[in-house]
Amino acid sequence: MKKKLLSVLLSTVVAAALLAGCGSSDAGSAPAADSGADAGAEEAAETVAEESEAPVSTFGDADGTHLEMWTFVELHGQHYKDMAEVWNEQNPDRKIEITCTTYPYSDMHTKLLTSLEAGTGAPDICDVEVGQYPNVVAGLDKWLVPLDDYAAPYMSTMVPARMQTYQGSDGHYYGAPYHVGATAMYYNVAAMAEAMGLDQDAVIAKIDAVKTWDDYAALGEEYVAAIGEDGKFWTSVDTGGTDWLWLAMAEYGDDWTGGFENPANCQLESVKKMLEMQQGWLKSGLAQISPDGHVDLEAGFQNIMDHNIVSFPKALWYMSRFTNYMPEESGNWYIAKCPVFEAGQKCSVGIGGTGTIVTQQSENKELAAEFLCWAKMSDEGEQHIWDKLGFDVCNTAMWDKDSFAHDDANQFNAYFINYPYDVLNEIGMDNIGKISVVAISPTINEYVCTTTLNEVLEDPDYSVDDALQELQDAVDMEQ
């Protein structure tokens with residue numbers, strides 16, 4: 001039995017590492033693709049063999065109710081530290097003390113799944129990366145505490161698509177999100193203005209006029225012709241990430257996972273259209289392949305700073321990559337809605353994320369769940385998440401608050417030419433699509449990132465139909 005469990009855990013961590021590499025990590029951690037599948041498997045094996053040392057910090061009131069928390073991002077622990085202090089001030093009769101342990105990504109998720117399976121050893125509260133979420137939610141309310149009642153005070157203003165990401169097959173919410181992860185377009189206005197001989201306002205007007213992917217390509221052709229330099233491109237396309245494909249699916253209302261009820265279908269017209277469009281860009285010189293596979297790695301940051309590309313889509317959590325890794329680019333970049341294939345389509349999709357759970361093993365489930373939802377959904381919690389983590393918060397009531405969305409003291413508001421929440425409001429929460437993260441998701445993402453994208457983008461003449469058939473065959477073997 002132990003050997004079987006170890007095998008399952010190893011395969012789970014390998015798949016999740018690849019899924020993370022295709023998606024995102026949160027601010028404060030290294031870019032997700034830094035942890036490869038082989039490293040993940042090795043770490044999992046070591047964790048099963050012996051518990052890893054990990055930083056531990058205790059905060060709050062020593063006389064309060066004690067809660068145990070696990071995370072894999074140090075800054076997440078700092079968020080709960082700060083929120084625990086506010087909670088204790090506001091709730092003097094219900095004070096808490098939290099011991100937070102920060103494990104390596106693979107170690108923590110393996111340890112959590114092992115403890116849930118065993119029915120002992122789990123913490124009260126735990127972060128779960130979205131790629132790992134299907135594994136823990138498989139236990140539903142036998143393992144996890146439904147958060148519906150505790151999230152209820154905030155639900156009227158929470159982005160539905162993000163809350164639904166952390167639903168179980170029974171419809172209950174089991175995870176509290178950090179961010180929307182809404183996908184937007186990033187444009188280097190300064191580089192475009194210099195190449196095109198225009199002022200900033202003229203470039204922004206051209207960007208704002210982009211409504212469709214055809215418009216986007218036309219502006220890119222104008223830029224590439226103006227700069228006329230080898231090695232300079234309009235954008236880059238990813239061989240190690242699925243963000244572009246998720247965006248295409250959201251625009252058409254597709255979901256290749258099939259959700260909880262239907263079989264996965266990867267042979268979608270939306271995916272085909274995006275891949276064939278990208279092949280055309282590569283052939284024409286409009287796009288390059290992202291160095292090391294996608295823009296969320298050191299080579300990607302350098303490529304951006306070298307102005308080898310001047311536009312790309314990415315979730316709004318990528319703002320922290322600019323401030324952390326590309327501070328010298330401050331004042332150059334503008335954020336806008338993503339183009340669509342057809343007028344009226346959704347123009348964004350939520351990507352990446354970490355949902356925080358409360359386990360049924362907690363002796364203080366009600367207090368833990370109430371604190372968790374307050375810390376991640378209340379005005380106080382969302383203010384802190386924006387100021388310290390730079391995430392696009394899920395509580396839309398904050399999006400319209402001038403003191404929040406237009407606060408020039410906020411480093412992210414100060415970095416970009418325009419205010420990020422103005423873009424979010426323009427998108428609107430009803431235009432943010434969702435791709436389900438379910439049991440088959442790691443299989444799909446693993447094959448796409450290791451095979452499909454390399455086939456069709458490294459060889460732009462490769463048949464997209466053939467590549468998607470191969471993908472579907474691989475997925476069908478696992479269904």
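Quick one: in the stretch 293-331, which of the residues that are part of a helix (DSSP H, G or I) and among the small types (Gly, Ala, Ser) is farthest from Asn454 (Cα to Cα)?
Ser320
Any residue that is among the small types (Gly, Ala, Ser) and either out of contact with any helix residue (DSSP H, G or I) (no Cβ under 7 Å at 6 or more places or on another chain) or under 20 Å from Ser290 (Cβ atoms) (or both) - is there at least one of those in the stretch 368-381?
The answer is yes, given that some residue of the stretch 368-381 is among the small types (Gly, Ala, Ser) and either out of contact with any helix residue (DSSP H, G or I) (no Cβ under 7 Å at 6 or more places or on another chain) or under 20 Å from Ser290 (Cβ atoms) (or both).
Would you mention how many residues in the stretch 129-157 are within 23 Å of Tyr103 (Cβ to Cβ) and either in a helix (DSSP H, G or I) or among the charged types (D, E, K, R) (or both)?
Selection size over the stretch 129-157: 7.
Across the stretch 159-168, what is the total count of residues that are outside any helix (DSSP H, G or I) and surrounded by fewer than 23 Cβ atoms within 10 Å (Cβ to Cβ)?
Residues meeting the conditions: 2.
With the checklist (1) surrounded by 19 or more Cβ atoms within 10 Å (Cβ to Cβ); (2) closer than 30 Å to Ser330 by Cβ in hand, flag the one item Ala209 doesn't pass.
Result: Ala209 fails condition (1) only.
Please find, within the stretch 335-361, the residue that is nearest to Gly77 (Cα to Cα) out of those that are surrounded by 20 or more Cβ atoms within 10 Å (Cβ to Cβ) and more than 20 Å from the chain's Cα centre (by Cα).
By that ranking, first place goes to Val358.
Identify, from the list Ala37, Ala44, the residue that is out of contact with any Asp or Glu (no Cβ under 7 Å at 6 or more places or on another chain), under 17 Å from Tyr103 (Cα atoms) and modelled with pLDDT under 50.
Residue meeting the stated conditions: Ala44.
Given the criterion out of contact with any strand residue (DSSP E or B) (no Cβ under 9 Å at 6 or more places or on another chain) and either surrounded by 15 or more Cβ atoms within 10 Å (Cβ to Cβ) or closer than 23 Å to Val438 by Cα (or both), identify the matching residue among Asp93, Asp141.
Answer to the selection: Asp141.
Given the structure, is Val438 among the β-branched types (Val, Ile, Thr), more than 18 Å from Pro313 (Cβ to Cβ) and modelled with pLDDT under 95?
Judged against the criteria, Val438 is a match.
Out of Gly293, Gly285, report the one residue that is within 17 Å of Pro460 (Cβ to Cβ) and over 20 Å from the mean Cα position of the chain (by Cα).
Testing whether each residue is within 17 Å of Pro460 (Cβ to Cβ) and over 20 Å from the mean Cα position of the chain (by Cα) leaves just Gly285.
Pairs only if they're at least six apart or on different chains, beta carbon under 8 angstrom, first in the stretch 281-297 and assigned by TED's automatic domain parsing to the domain that holds Asp238, second among the acidic types (Asp, Glu) and outside any loop (DSSP other than H, G, I, E, B); list them, first residue then second.
Pairs found: Ser284/Glu221; Leu286/Glu221; Ile289/Glu458; Asp292/Glu298; His294/Asp243; Leu297/Asp34.
Run Lys232 past the list (1) surrounded by 23 or more Cβ atoms within 10 Å (Cβ to Cβ); (2) not assigned by TED's automatic domain parsing to the domain that holds Val137 and report the number of the one that doesn't hold.
Result: Lys232 fails condition (1) only.
Inside the stretch 193-238, can you point out the residues that are over 31 Å from the mean Cα position of the chain (by Cα) and not in a helix (DSSP H, G or I)?
The answer is Gly197, Leu198, Asp199, Gly228, Glu229, Asp230.
Residues of the stretch 444-479 being under 17 Å from Asp255 (Cβ atoms), out of contact with any Lys or Arg (no Cβ under 9 Å at 6 or more places or on another chain) and among the aliphatic types (A, V, I, L, M), which ones?
Ile444, Val448, Leu471, Val475
Which of the residues spanning the stretch 268-292 are touching an Asp or Glu at 6+ places or on another chain (Cβ under 8 Å), assigned to a loop (DSSP other than H, G, I, E, B) and of a type outside the set (A, V, I, L, M)?
Answer for the stretch 268-292, where residues must be touching an Asp or Glu at 6+ places or on another chain (Cβ under 8 Å), assigned to a loop (DSSP other than H, G, I, E, B) and of a type outside the set (A, V, I, L, M): just Ser290.
For Gly171, work out the one condition from (1) touching a residue at least 60 places away in the same chain (Cβ under 8 Å); (2) under 23 Å from the mean Cα position of the chain (by Cα); (3) assigned to a loop (DSSP other than H, G, I, E, B); (4) surrounded by fewer than 21 Cβ atoms within 10 Å (Cβ to Cβ) it doesn't fulfil.
So Gly171 meets the others, but not (1).
For the stretch 366-404, which residues satisfy the criterion of being more than 21 Å from the chain's Cα centre (by Cα), more than 18 Å from Met155 (Cβ to Cβ) and buried (at least 16 other Cβ atoms within 10 Å of the Cβ)?
Across the stretch 366-404, the qualifying residues are Leu367, Ala368, Phe404.
I need the full set of residues from the stretch 174-192 which are surrounded by 21 or more Cβ atoms within 10 Å (Cβ to Cβ) and either modelled with pLDDT under 95 or part of a helix (DSSP H, G or I) (or both), in order please.
Matches in the stretch 174-192: Val189, Ala191, Met192.
The values are calculated or read from the model by the stated rules, or taken from the named source; none is laboratory data. Keep in mind the model is a prediction, meaning the values are calculated, not measured. Positions of Cβ are generated from backbone atoms using ideal geometry, with glycine treated the same way; all protein chains shown enter the neighbour counts.
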